[in-house]
Amino acid sequence: MDQNDYGYGYFVTYPDSKEGLVERENVEVSEDTKKVYKRFDYFVTLTHGIGITMLVLNAFYFGTSRGGFTWNGHLRIYQQGFINFHGFLMTAGFIFCQGEALIIYRVYRYEPKNVTKFLHVALHLCSLACAAVALTAIVKEKVMTTNIQMYSFHSWVGVIVISMYCIQFIVGFFNFAFPRTGYKVRSWIMPGHKWVGSLIFKLSAANVLMGHQGYACFGIDQWCNPLHNCPKNMGIVLNFSVISILFYAICVIIIITKKNWSRRITNDEKEHDE
């Protein structure tokens with residue numbers, strides 16, 4: 001697919017199983033619209049760059065701090081390993097995977113709808129898988145230490161967010177994927193589906209940031225924070241990790257809320273839906 005075909009061209013093509021590459025839709029695009037799509041492409045590239053940086057920073061921080069990623073071992077030495085798993089997987093799942101799932105319809109705006117829908121569902125499943133392992137890790141850590149669960153505000157918000165996420169996924173899957181409700185029902189549900197999805201992502205970002213703050217206060221050796229001399233400058237790495245989460249979340253919210261970057265319904269999608 002040529003550059004013009006993808007973002008700001010005059011026609012769009014897609015692979016057809018019988019006839020090869022065929023014209024999907026004739027899309028007339030003005031010069032102003034081309035500029036809008038160019039800015040969109042640049043912003044998406046920036047967003048992905050921040051997202052990858054976020055993953056690298058968090059993987060390095062949690063992978064090296066207090067024993068790194070350790071699932072089994074002597075509890076007194078490696079108990080932080082469970083929390084490290086929890087922190088990184090929640091960042092990877094509920095920030096990166098969820099963020100990519102939200103923007104995918106706008107990034108692949110001219111691809112066949114079923115392709116983007118499949119990727120949307122797959123990314124949400126990855127997010128849920130990361131959350132499941134992350135929750136298992138933190139519960140195991142609590143059981144092996146204090147055996148006190150659900151005492152912090154961070155944990156309360158986390159349960160609320162995950163519950164909302166699961167309900168949103170189930171409702172979305174049955175209405176838009178399989179078995180799929182009628183066109184009028186989907187049209188009625190879609191605005192709420194988008195709004196709730198955006199809300200869940202914002203709450204997820206806020207809770208992950210709270211978790212990082214809690215880790216900074218209690219997870220690092222006590223001598224580190226008061227003296228501001230963390231080994232290997234890990235405190236600075238943590239700060240940049242948090243900033244990258246904040247910037248990535250802001251970029252995702254901008255992409256999904258900017259009206260002139262929204263995906264336009266193509267004629268073949270209208271015919272298929274109606």
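The values are calculated or read from the model by the stated rules, or taken from the named source; none is laboratory data. Computed from a prediction, not measured in an experiment: that's the story for all the values here. Note: ideal-geometry Cβ built from the backbone for every residue, glycine included; neighbour counts use all protein chains shown.
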(message) Just to be sure before I move on: is TYR151 closer than 25 Å to PHE62 by Cα and part of a loop (DSSP other than H, G, I, E, B) in the structure I sent?
(response) yes
(message) So the check is Cβ under 6 Å with 6+ separation or different chains; which pairs have a first residue in the stretch 40-52 that's surrounded by fewer than 15 Cβ atoms within 10 Å (Cβ to Cβ) and a second one that's modelled with pLDDT of 95 or more?
(response) none
(message) Take the conditions over 30 Å from GLY211 (Cα atoms), among the aromatic types (Phe, Trp, Tyr) and at pLDDT 95 or above and apply them to TYR37. Does it pass?
(response) no
(request) Find the residue count for the stretch 218-274, including only residues that are outside any helix (DSSP H, G or I) and either within 29 Å of ALA59 (Cα to Cα) or at pLDDT 95 or above (or both). (result) 8
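Every residue, every condition in (1) hydroxyl-bearing (Ser, Thr, Tyr); (2) free of Cβ contacts under 8 Å to residues at least 40 places away in the same chain; (3) in contact with a Phe, Trp or Tyr (Cβ under 9 Å, 6 or more places away or on another chain), yes or no:
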| position | (1), (2), (3) |
| --- | --- |
| CYS97 | no, yes, no |
| ARG109 | no, no, yes |
| VAL115 | no, yes, yes |
| SER155 | yes, yes, no |
| VAL161 | no, no, yes |
(message) So in the stretch 155-184, with the set limited to residues that are in contact with a helix residue (DSSP H, G or I) (Cβ under 9 Å, 6 or more places away or on another chain) and not in a helix (DSSP H, G or I), which one is farthest from LYS113 (Cα to Cα)?
(response) THR181
(message) For the stretch 169-187, which positions are without any contact (Cβ under 8 Å) to a residue 60 or more places away in the chain and hydrophobic (A, V, I, L, M, F, W, C)?
(response) PHE169, ILE170, VAL171, PHE173, PHE174, PHE176, PHE178, VAL185
(request) Determine the pairs where a residue that is within 27 Å of PHE96 (Cβ to Cβ), located within the stretch 131-152, has a partner that is among the charged types (D, E, K, R) and not in a loop (DSSP other than H, G, I, E, B) with Cβ atoms under 8 Å apart, the partner being 6 or more residues away or on another chain. (result) GLN149/LYS142
